[in-house]
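Peer 1: Sharing a structure here in structure tokens format.
The values are calculated or read from the model by the stated rules, or taken from the named source; none is laboratory data. Quick caveat, the model's predicted, so the values are computed rather than measured. For neighbour counting, all protein chains shown are included, and Cβ atoms are generated from backbone atoms with ideal geometry for every residue, glycine included.
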Amino acid sequence: MNKTDFTDLDGKVLRTFLTILEESSVSKAADRLGVTQSAISHTLGKLRQVLGDPLFVRSGQGLTPTERALSLKEPVQRVLDGMRALTEERPFDPQSEEMDIQIATNDMPRELIFPQLLRATRAEGVRLRLGFIPSGVPDPALLRGDRCQLMLTPLPPDGPDIFQKRVLSSPLMIFYDKDQRTPPGDWPSYCATEHVEVRFADGRSSRAVMRGVDQTRIRPPTVTLPHFNAIPSFVKGTGLISTDTALMRLGPLAGLDCAPLPFACEPVSIYMVWHQRSANDPAHRWLRDRIEAIAATLQG
């Protein structure tokens, strides 16, 4: 007699085998598993065909396992335990696991969140190594190619395998030197003022976060810089202005004066972004929770 292919042995079949072995009865096994006796009998027939052994023989009112059935008890249990482990989280203890993570972000999230994170985790004995690359206007290929495992950005990339969560929201402000000028008081004077602007490596401007305004009316920037940390050097002692999030007051632009925009503009949101493969990893989830907690204190 030809045996059925061994791949017919799925988890339900193996669980049924162990239940019959423990109950020594088809009817009791059916009650325990919540199925019909005919379903149990059908599964038992499949097992007998695959394994080439009767497995159980009738004895009085119950079933007696064959030697083959008894020898399979521990191997089948190990297989089921292994299958169960596939659906459970891997063990994770932040004190005993060394974590190395690459993060794509720009100056403000990097300086406001991650020094706090590193200080707190080091005090807890967590071995965390952080590496940073500039995100600019980020490309999902950074996450898909594992060049980074996390992004913090106001311009999250899109994709069916890309996950995101908003962690910060901040209005835009004018940054200037009050010893040199007053901030623009209306939209026309804002558009006419000389600006400092950040332009990322891919050619796109930090002004992309300004939504709901006609940017074509704004004067081209007098100074274009590769990152936000360089802005104060050019604004200080001049009449130039820079438009950035209010949170920059806590980080790269702390040395400048600031004022609200003289026109309506949507707040800027900062998103935490990660790839699908990291979504359920307990270490990655732990890190995201810590970042979100620090961001909440900044938002407050």
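Peer 1: Restricting attention to segment 175-204, which residues are in contact with a strand residue (DSSP E or B) (Cβ under 9 Å, 6 or more places away or on another chain), surrounded by 13 or more Cβ atoms within 10 Å (Cβ to Cβ) and not acidic (Asp, Glu)? Quick ask: steps written out before the conclusion?
Peer 2: Within segment 175-204, the first condition is being in contact with a strand residue (DSSP E or B) (Cβ under 9 Å, 6 or more places away or on another chain), and the residues that meet it are 175-179, 181-184, 190, 193-199.
After this cut, where a residue has to be surrounded by 13 or more Cβ atoms within 10 Å (Cβ to Cβ) as well, the list is 175-177, 181, 183-184, 190, 193-199.
Passing the criteria: Phe175, Tyr176, Arg181, Pro183, Pro184, Tyr190, Thr193, His195, Val196, Val198, Arg199.
Peer 1: Here is a follow-up. Residue check: is Arg84 touching a residue at least 24 places away in the same chain (Cβ under 8 Å) and farther than 23 Å from Leu250 by Cα? Give the derivation first.
Peer 2: On the way: touching a residue at least 24 places away in the same chain (Cβ under 8 Å): no; farther than 23 Å from Leu250 by Cα: yes.
Answer is no for this residue.
Peer 1: State yes or no: is Ala141 of a type in the set (A, V, I, L, M), under 29 Å from Glu97 (Cα atoms) and either over 30 Å from the mean Cα position of the chain (by Cα) or surrounded by fewer than 17 Cβ atoms within 10 Å (Cβ to Cβ) (or both)? Reasoning before the result, please.
Peer 2: Details: of a type in the set (A, V, I, L, M): yes; under 29 Å from Glu97 (Cα atoms): yes; either over 30 Å from the mean Cα position of the chain (by Cα) or surrounded by fewer than 17 Cβ atoms within 10 Å (Cβ to Cβ) (or both): yes.
Against the criterion (of a type in the set (A, V, I, L, M), under 29 Å from Glu97 (Cα atoms) and either over 30 Å from the mean Cα position of the chain (by Cα) or surrounded by fewer than 17 Cβ atoms within 10 Å (Cβ to Cβ) (or both)), Ala141 qualifies.
Peer 1: Quick one: count up the residues across segment 53-62 that are modelled with pLDDT of 90 or more and either part of a helix (DSSP H, G or I) or closer than 17 Å to Thr19 by Cβ (or both).
Peer 2: Total satisfying the criteria: 2.
Peer 1: Quick check: is even one residue across segment 137-147 within 21 Å of Thr297 (Cα to Cα) and among the charged types (D, E, K, R)?
Peer 2: First, the residues of segment 137-147 that are within 21 Å of Thr297 (Cα to Cα): none.
Checked against the condition, which is being within 21 Å of Thr297 (Cα to Cα) and among the charged types (D, E, K, R), segment 137-147 yields no hits at all.
Peer 1: Considering only residues that are in contact (Cβ under 8 Å) with a residue 24 or more places away in the chain and of a type in the set (Ser, Thr, Tyr), look in segment 22-45 and name the one that is surrounded by the fewest Cβ atoms within 10 Å (Cβ to Cβ).
Peer 2: Going residue by residue through segment 22-45, those that are in contact (Cβ under 8 Å) with a residue 24 or more places away in the chain are 24-26, 40, 43-44.
If we keep only those that are of a type in the set (Ser, Thr, Tyr) as well, we get 24-25, 43.
Details: Ser24: 16, Ser25: 18, Thr43: 22.
Top of the filtered list is Ser24.
Peer 1: Right, here's the next one. Within segment 188-211, track down each residue that is hydrophobic (A, V, I, L, M, F, W, C), at pLDDT 95 or above and either touching a Phe, Trp or Tyr at 6+ places or on another chain (Cβ under 7 Å) or within 18 Å of Leu253 (Cα to Cα) (or both). Spell out the reasoning first.
Peer 2: So in segment 188-211, the residues hydrophobic (A, V, I, L, M, F, W, C) come out as 191-192, 196, 198, 200-201, 208-210.
Remaining after also requiring at pLDDT 95 or above: 191-192, 196.
Listed by number, the list holds a single entry, Val196.
Peer 1: Also: Given the structure, is Gly159 touching a residue at least 12 places away in the same chain (Cβ under 8 Å), in contact with an Asp or Glu (Cβ under 6 Å, 6 or more places away or on another chain) and either part of a loop (DSSP other than H, G, I, E, B) or not assigned by TED's automatic domain parsing to the domain that holds Gly136 (or both)?
Peer 2: When the stated conditions are applied, Gly159 does not pass them.
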